[in-house]
Amino acid sequence: MKSIAFRQATLAVLIGCVTVSCVSSWDKGIKASDSISADNSYYERYTSATRGGDLIVKFEVKYRVHATYLSPEFRTSLLKRANELYLEGAPDAFNEATSKAGFIVTAYGLDRDSVDLLNPNHWTLLFESKEGPVKPVLVKKINDKLRWRNFFETMTPWTTDYLVVFDRVAVNPGADNLVEKPITKLTMATGEGKIQLEW
């Protein structure tokens, strides 16, 4: 009888946890951080700044690639979230892309060597604006996944992640004060296909 009551109490606690999402500890003063999708204001900016998808050849996913455009608007949200999570800003966060057009690119392929964006013999990266297409001035591998996966949900243990910077001015593509929408296009080409992302 005692065992049945214990099971019912345990079940009630588990159901309660599922209902309230169990985002906190039982202990006073301990609280889990919001996930990317639960941080509504950040998530809205993040999803609007992110494009991507799968390159499929003969029913096989060759590459899964996503890029987040580090526009001034998105960078403001990124710094705000960094303040909330780490209780400090992120002054070193992608300094190389402070005023330039920068992207966080996450790439997955069955063969890790095939998603090496640092190899110009395997990948061509181009940023197209009204001034025409340019190659990147910086392609840098991001190694600190533990920190940055709290900001980019496409960053996983299986992806290879890069900061890609172009010598063009970063703009907010959807800003109301713009007379005309600027061309903001990232093209990634490899021997097996081409990925074109537009903002």
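Readers should treat all values here as calculations from the given coordinates under stated rules, not as data from a laboratory. Here the structure is a predicted model, which means the values were calculated and not measured. In this analysis, Cβ positions are derived from the backbone assuming ideal geometry, glycine residues included, and neighbour counts consider all displayed protein chains.
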**Item:** Relative contact order [Cα under 8 Å, 6+ residues apart], the stretch 34-198, whole percent
**Value:** 25 percent
**Prompt:** Using alpha carbon coordinates only, what is the Rg to Rh ratio of the stretch 34-198, with Rh defined as the Kirkwood radius?
**Reply:** 0.95
**Complete:** Karplus-derived 3J(HN,Hα) from phi for the stretch 61-74 (6.51 cos²θ - 1.76 cosθ + 1.60, θ = phi - 60°), whole Hz, x at Gly and Pro, runs 6, 7, 9, 10, 10, 9, 9, 10, 7, 7, 5, x, 4, 5
**Request:** Would you please give the FRET efficiency between N40 and K141, computed as 1/(1 + (r/R0)^6) with r the Cβ-Cβ distance and R0 = 22 Å, to the nearest 0.05?
**Result:** 0.10
**Fill in**
Residues V57, V105, V115 in order from fewest to most other beta-carbon atoms within 10 Å are V57, V115, V105
**Complete:** Within the under-10-Å Cβ sphere about S129, not counting S129, Lys/Arg +1 and Asp/Glu -1 give a net charge of +1
**Item:** Label-point gap, in nm, between A32 and T187 - each point 7 angstrom along Cα→Cβ
**Value:** 4.4 nm
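Could you list the square roots of 5 times each eigenvalue of the Cα gyration tensor of the stretch 87-153, that is, the equivalent ellipsoid semi-axes, sorted largest first and rounded to whole Å? Please list the in-between numbers first.
Values: eigenvalues 102, 77, 18 Å².
They are 23, 20, 9 Å, listed largest first.
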